[in-house]
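> The structure under discussion is supplied below as structure tokens; questions concerning it will follow.
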Amino acid sequence: MNTNRQWTLAKRPFGMVGPDNFEYRETPIPTPGDGEVLVRNLYLSFDPTQRGWMEDRESYMPPVQLDEPMRAGSVGQVAESNHPDFNTGELVQTLGNWQDFVVVKPAQGLPGLTKLPPGVDPELMLSVLGTTGLTAYWGLLDLGNPQSGETVLVSGAAGATGSVAGQIARIKGCRVVGIAGGPDKCAWLTDEARFDGAIDYKSEDVDARIGELCPNRVDVFFDNVGGGILEAALNHINMRARVVLCGGISSYNATEPVPGPANLMNLVINRARMEGFIIIDYFDRMAQAANDLMGWIQSGELIYQNDIQEGFENIPQTLTRLFTGQNRGKQLLKIADPS
Ligand code: NDP
């Protein structure tokens, strides 16, 4: 391979993101400078937050600029190294871009360059041991603080983050109810991931079903969706409940400001807490989470699904899958196998 294929941000989205927002280009393969590493991307991670990075607005990271390759988490292989800690051929994780080759300067903070631990494949590194698994772990345990016997409700429950959060709650001895779109995802939650109950928000009355499936009310709500689902959950919170705001995917492609929940007074009445977080604040505690997550996978207590698309040409449409609910678990795309 002697060219570097890219998908750049061509147009900022208004409404649903789609292939029209990106442009295909070919450029020369970049050359790493002193202390830098050239990485060939093998797997890309697709994350709802990428939709936010495409907006020209202040956030926890700067926006992707027009004509720049789209930013994405990735696992790749070191193609050339001018850094003493990295050798050609090693598998590494970084915050890269939608392109074949990325130059990284390993340093503290983002983008960073992490070697894959022995026995961990690229798919696992980008899913349960990646951002979504760590988000589930720290969001649930640090902010949600679930106690054995409590009831934990999770939205976006069949997705990469929600499915791990719900299973950790089950492992901690909680009653777990998930909210997801469609009968197949709900069946997977109860039959495979061993949730105690599942609500299909596309065909059921979410408010009524939370009441039925959470007879002792909700102690922890791990919310990935926001909007009407957050409002329905707030109707059922217990005294001293913890509402963990992980994401609000129902509004990421909205074209107008989205109204907030009308029942925030329920937080007051129930002396409850609602708190947001961003996983990058927990990166220095990754090892502890990865250790526990790996242990639960090995013991069979934690299962996961990875949805792996293939082909560089399919990168833009793969992002849209997250917002149409087509993904089954963690959305990845394989560009190439390691050489
Ligand atoms: P998922 O694997 O959960 O995929 C996204 C899922 O969201 C879809 O499969 C779909 O599931 C659901 N969805 C899409 N559109 C809507 C909608 N309009 N209403 C309701 N549900 C919808 O993705 P992730 O696990 O990567 O992300 C889940 C959430 O976690 C997102 O909100 C994301 O922003 C957040 N997040 C937050 C982080 C943080 O640091 N705070 C870090 C990582 C993720 P269904 O078919 O069930 O509708």
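> Would you mention how many residues in the range 130-156 are of a type in the set (A, V, I, L, M), open to solvent by less than 20 Å² (accessible area, probe 1.4 Å) and either modelled with pLDDT under 95 or over 18 Å from Asn327 (Cα atoms) (or both)? Full working, then the answer.
From the range 130-156, those of a type in the set (A, V, I, L, M) are 134, 136, 140-141, 143, 152-154; that's our starting set.
Among the residues that remain, those that are also open to solvent by less than 20 Å² (accessible area, probe 1.4 Å) are: 134, 136, 140, 143, 152-154.
This time we only want the ones that are either modelled with pLDDT under 95 or over 18 Å from Asn327 (Cα atoms) (or both), so: 134, 140, 143, 152-153.
Within the range 130-156, residues that are of a type in the set (A, V, I, L, M), open to solvent by less than 20 Å² (accessible area, probe 1.4 Å) and either modelled with pLDDT under 95 or over 18 Å from Asn327 (Cα atoms) (or both) number 5.
> Next question, about the same structure. Filter the range 280-308 for residues that are among the acidic types (Asp, Glu) and outside any helix (DSSP H, G or I); which is surrounded by the fewest Cβ atoms within 10 Å (Cβ to Cβ)? Walk me through how you get there before you give the answer.
Taking the range 280-308 and keeping what is among the acidic types (Asp, Glu), we get 281, 284, 292, 301, 307.
Right, trim to outside any helix (DSSP H, G or I) and you get 301, 307.
On the way: Glu301: 13, Asp307: 19.
Among residues in the range 280-308 that are among the acidic types (Asp, Glu) and outside any helix (DSSP H, G or I), the one surrounded by the fewest Cβ atoms within 10 Å (Cβ to Cβ) is Glu301.
> Being free of Cβ contacts under 8 Å to residues at least 60 places away in the same chain, hydrophobic (A, V, I, L, M, F, W, C) and in contact with a Pro (Cβ under 9 Å, 6 or more places away or on another chain) is the filter here; which residues of the range 65-78 pass it?
Just the residues of the range 65-78 that are free of Cβ contacts under 8 Å to residues at least 60 places away in the same chain, to begin with: 65-67, 71-76, 78.
Narrowing the set further to residues that are hydrophobic (A, V, I, L, M, F, W, C) leaves 66, 72, 75, 78.
Val75 - this is the single residue of the range 65-78 that is free of Cβ contacts under 8 Å to residues at least 60 places away in the same chain, hydrophobic (A, V, I, L, M, F, W, C) and in contact with a Pro (Cβ under 9 Å, 6 or more places away or on another chain).
> For the condition over 13 Å from Tyr304 (Cβ atoms), more than 16 Å from the ligand (Cβ to nearest atom), touching a helix residue (DSSP H, G or I) at 6+ places or on another chain (Cβ under 9 Å) and of a type in the set (D, E, K, R), what is the one hit in Arg175, Arg170?
Working: Arg170 fails: touching a helix residue (DSSP H, G or I) at 6+ places or on another chain (Cβ under 9 Å).
Every option except Arg175 fails the conditions.
> Please work out which one of (1) open to solvent by less than 20 Å² (accessible area, probe 1.4 Å); (2) at positive phi is the condition Arg194 fails and give its number.
Here Arg194 meets the rest and fails (1).
> Same structure again: Could you list, in sequence order, all residues of the range 228-255 that are open to solvent by 30 Å² or more (accessible area, probe 1.4 Å) and part of a helix (DSSP H, G or I)?
Gly228, Glu231, Ile249, Ser250, Ser251
Okay, residues lined up against (1) within 13 Å of the ligand (Cβ to nearest atom); (2) within 29 Å of Ile280 (Cβ to Cβ); (3) of a type in the set (D, E, K, R); (4) in contact (Cβ under 8 Å) with a residue 24 or more places away in the chain:
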| position | (1), (2), (3), (4) |
| --- | --- |
| Thr190 | no, no, no, no |
| Asp200 | yes, no, yes, no |
| Glu204 | yes, no, yes, no |
| Arg209 | no, no, yes, no |
| Cys214 | no, no, no, yes |
| Asp223 | yes, yes, yes, yes |
| Ala233 | yes, yes, no, yes |
| Asn253 | yes, yes, no, yes |
| Pro261 | no, yes, no, yes |
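> Of the residues in the range 309-337, how many are in a helix (DSSP H, G or I) and within 20 Å of Tyr24 (Cβ to Cβ)? Can you show your working first?
Step one: filter the range 309-337 for residues in a helix (DSSP H, G or I), giving 312-324.
Applying the additional criterion that residues be within 20 Å of Tyr24 (Cβ to Cβ) yields 312-321.
Selection size over the range 309-337: 10.
The values are calculated or read from the model by the stated rules, or taken from the named source; none is laboratory data. All of these numbers come straight from a predicted model, not from anything done at the bench. Quick reminder, even Gly has a Cβ in these numbers, built from the backbone with ideal geometry, and neighbours come from all protein chains shown. The area values use the complete protein model at the heavy-atom level, side chains included, leaving out ligands, DNA and RNA. Shrake-Rupley method; radii C 1.70, N 1.55, O 1.52, S 1.80 Å.
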